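Here the structure is laid out as C-alpha cells; the discussion comes afterwards.
Here, each number is a calculation from the coordinates, and none is a lab measurement. Small disclaimer: the values here were computed from a predicted structure and weren't measured. Because the Cβ atoms are built from the backbone with ideal geometry, glycine has one as well, and the counts that use them run over all protein chains shown.
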Amino acid sequence: MVGHEGGRILVTGALGQIGTDLVQSLRDIHGSETVIATDIREKQGHPCIENGPYTNLDVLDKDKIFKLVVEKEIRIIYHLAAILSAKCEENSDLCEMINLEGTRNILDAAREFNLRIFAPSSIAVFGPDTPRKAPQITPLNPTTKYGMTKVDCEILGMIYFEKYGVDVRGIRYPGLISWKSPVSGGTTDYAVDIFHAALSEKSTYDCFLNAQTRLPMMYMDDAIRATISLMDEPIESLSSSRCGYNISGVSFTPEELVFEINKKLPNFVCKYKPDIRQNYADSWPDSIDDQISRNDWNWQSRFDLESIVNEMITNLK
Ligand SMILES: NC(=O)c1ccc[n+]([C@@H]2O[C@H](COP(=O)([O-])OP(=O)(O)OC[C@H]3O[C@@H](n4cnc5c(N)ncnc54)[C@H](O)[C@@H]3O)[C@@H](O)[C@H]2O)c1
C-alpha cells in the first residue's frame, strides 16, 4: 500500500500558478513520491519537476490518463489543466476542447477506477445578472466562453456524481494572488503582475483594468488550504454545491491595491489603460457569499489585503 489512502495523487496542469503551490503542499503532507505532477509542457528547473515524480501528460490523451492511473496506483486527481479566461476568449475552440474534453476524460477515469476528483471552477461562472455579492445558489449566465466552460464542468461533475457515484469536488476560485509562479491568460493577473512591476527598477505599472474595478480575490495560501481541506472532508458533509463551492477571500479595486502598495513602496506609480479584459471583469460580481462553504466544511479565509501585500512584497524581494 502506497501514499494517500492506499494510493498516489496525480495533479494535471501542475506547472501552472495553482499547481506550483499545490504540488509542494501535497508533497509536504504526503511525501514527494506520493504526488505525481503532470503537465503538457516541460519547464527546466521547475520545483514540481525537481522535487518529485513528473510525467508529461496531455489531458486530451485519454489512453495515457487511464494507463497512468493504473501504473501509478492513483486514488485522487487534482485536475488543474485548463485554458484561462483571457486566452479562452482569444481561442474559444481550444478553450472548449481543453476545459471540457479534458475534464470529461478525467471524470471517465474516475468512473472507471473509482477516484476522487478535484475540478476547480471559477467566479467566471457568474454573469451580469448575478447580484453584486454572488450567492452560492443563483442562475449562472456567464457572458464569457471561459465562464460557460466552467458552468458546463460543474454540471458535468454533478452528472457523474449523481449517475455514476463519482466523488467530484470543486471550488469557484476568485482571482488568486501568489509569488511562486508567473501568471498569464487570466483577467485578474494584474493583481500579481503589479507587484513584479512595483519592485522593478522603474516602479511603474500599466493596469489593464480601470481603477475602480472591484473583484473577488484571494491569497494562494488560503486557496491551497481550502482545496486540501475540501478534499479531506468526509463525503457526507458535502451538499449539492460540491462541484462549485463559493469561497470568499478579499475584494478590492486596483486603486485600493495601489494605495496599500504605496504604504510600502511610496514611489510606485500605476497608470490605468483598460483593455478587452475590462469587459470580462465587468461581467463578474464584486464579492462572494460563502456561507454554504462555512457551514458544510468550516471554510474561513485568513489573509486580508494588508497581509497579502506584506507577503507578496516580502517574498518577491
Ligand atoms: N489562477 C486563478 O486565479 C484561477 C481563478 C479561478 C479558477 N482557476 C482555475 O484553476 C485551474 C488552474 O489554474 P491556474 O491558474 O493554475 O492555470 P495556469 O494557466 O497557470 O496553469 C494551467 C496549466 O495547464 C497546462 N495545460 C494546458 N493545456 C493542457 C493540456 N492539454 N494537458 C495538460 N496540461 C495542460 C498548462 O501548461 C499550465 O501549466 C484552472 O481550471 C483555472 O480555470 C484559476
- Tell me, rounded to the nearest percent, the portion of alpha carbon pairs in the chain spaced more than 27 Å apart. 41 percent
- Fewest-first sequence of SER239, SER293 by Cβ atoms within 10 Å of each Cβ: SER239, SER293
- Message: Suppose every Lys and Arg Cβ carries +1 and every Asp and Glu Cβ carries -1, with no other charges. What dipole size does the chain come out with about its Cα centre, to the nearest 20 debye?
- Response: 180 debye
- If Lys and Arg each add +1 and Asp and Glu each add -1, what is the summed charge of the other residues whose beta carbon sits under 15 Å from the beta carbon of LEU238? -3
- Task: Compute all pairwise cysteine Cβ distances in the chain, then list the cysteines with no distance under 4.7 Å to another cysteine.
- Result: CYS48, CYS153, CYS207, CYS243, CYS270
- Message: Expected output is a single nm value to one decimal: the length gained when fully extending between GLN300 and LYS64, i.e. 0.36 nm times separation in residues minus the C-alpha distance. What is it?
- Response: 81.2 nm
- Query: Normalised by the residues of the chain, what does the relative contact order come to in percent, with Cα pairs under 8 Å and at least six apart?
  - Reply: 18 percent
- For LYS180 and ASN310 in the same chain, what is the full-extension length gain: residue separation times 0.36 nm, less their Cα-Cα distance, in nm? 45.3 nm
- For region 99-182, what value does the Rg/Rh ratio take when both radii are computed over Cα atoms and Rh is the Kirkwood radius, given to two decimals? 1.01
- Note on the structure: For HIS30, HIS196, HIS79, ascending order of other Cβ atoms within 10 Å (fewest first) is HIS196, HIS30, HIS79
- Query: Angle between the Cα long axis of helix 254-264 and the longest principal axis of the chain, 0 to 90 degrees, nearest 10?
  - Reply: 80 degrees
- Query: When DSSP assigns beta bridges and you keep just the ones with both residues in the chain, what percent turn out antiparallel, to the nearest 5?
  - Reply: 10 percent
- Of all the C-alpha pairs in region 156-307, what % are more than 20 Å from each other? 54 percent
- For ASP286 and SER25, what does the FRET efficiency come to when R0 = 41 Å and r is the distance between their Cβ atoms, rounded to the nearest 0.05? 0.90
- Message: With unit charges on the beta carbons (Lys and Arg positive, Asp and Glu negative) and the dipole taken about the Cα centre of region 104-222, which residue among ASN105, MET218, PHE161 sits farthest to the positive side?
- Response: PHE161
- Message: Name the residue from ILE228, PHE268, VAL151 whose Cα lies farthest towards the positive end of the charge dipole of the chain, charges +1 on Cβ of Lys and Arg and -1 on Cβ of Asp and Glu.
- Response: PHE268
- Item | Ranking of TRP299, TRP179, TRP284 by count of other Cβ atoms within 10 Å, fewest first | TRP179, TRP299, TRP284
- Order of 9-18, 83-92 by packing, highest average Cβ count within 10 Å first? 9-18, 83-92
- Item | Degrees separating the helix 220-232 axis from the principal Cα axis of the chain, which is the longest one | 20 degrees
- Could you please report the charge total around THR213, scoring K, R as +1 and D, E as -1 over all other residues with beta-carbon less than 11 angstrom from its beta-carbon? -2
- Message: As I understand it, the value is the acute angle between the Cα axis of helix 145-164 and the longest principal axis of the Cα atoms of the chain; what does it come to in degrees, rounded to 10?
- Response: 30 degrees
- Inter-centroid distance (Cα atoms) of region 1-66 relative to region 137-153, Å: 28 Å
- Point-charge dipole on Cβ atoms (K/R +1, D/E -1) for region 71-175, about Cα centre, debye to 20: 440 debye
- Message: Given Cβ point charges of +1 (Lys, Arg) and -1 (Asp, Glu) and nothing else, what value in debye, to the nearest 20, does the dipole of region 226-313 about its Cα centre take?
- Response: 380 debye
- Query: Relative to the present Cα-Cα distance, how much length would full extension add between ILE276 and GLU256 at 0.36 nm per residue of separation?
  - Reply: 5.1 nm
- Restricting to lysine pairs 8 or more places apart or on different chains, what number in region 36-134 have Cα atoms under 21 Å apart? 4
